[in-house]
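Derivation of every value follows stated rules applied to the coordinates shown; laboratory data play no part. What you see is a predicted model, and the numbers here were worked out from it, not measured in a lab.
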Amino acid sequence: MEAAGNVHQAEYHLIQAKDWKAAVTMYRNAGKWEDAYRIAKSHGGPAWAKNIAFLWAKSLGGDSAVKLLSKFGLLAEAIDYATDNLLVLLLFSSN
């Protein structure tokens, strides 16, 4: 079904089979981030929704990513995460 382009029908069957993660992956691969986020939020909860939102923002980059993260209230958390990880990379990089 997915290969034929009928992702919504494929979603229905995946959800019925309790394989919502495959539905999220299907939508991500198709670039349908809103649907991936919707499924992650409704079936995986807040942690999954946040993960998809971060991946979605990464796929957008730049101002679009900032706007998306702001929309979901995740901009400050993303900045903190990036800052912490950059600091770790700097501490363990060889000169």
Rounded, prolate or oblate: which one fits the stretch 22-78, using the alpha carbon gyration tensor with axes a ≥ b ≥ c (rounded when a/c is under 1.5, else prolate when a/b beats b/c, else oblate)?
oblate
Name the residue, out of 11, 77, 34, whose mean-square fluctuation peaks in a Gaussian network model built on the chain with Cα pairs under 10 Å.
77
Tilt relative to the chain, helix 20-29 - C-alpha long axis, 0 to 90 degrees, to 10:
70 degrees
In degrees between 0 and 90, to the nearest 10, how far off the longest principal axis of the chain does helix 75-92 point, with axes built from Cα atoms?
60 degrees
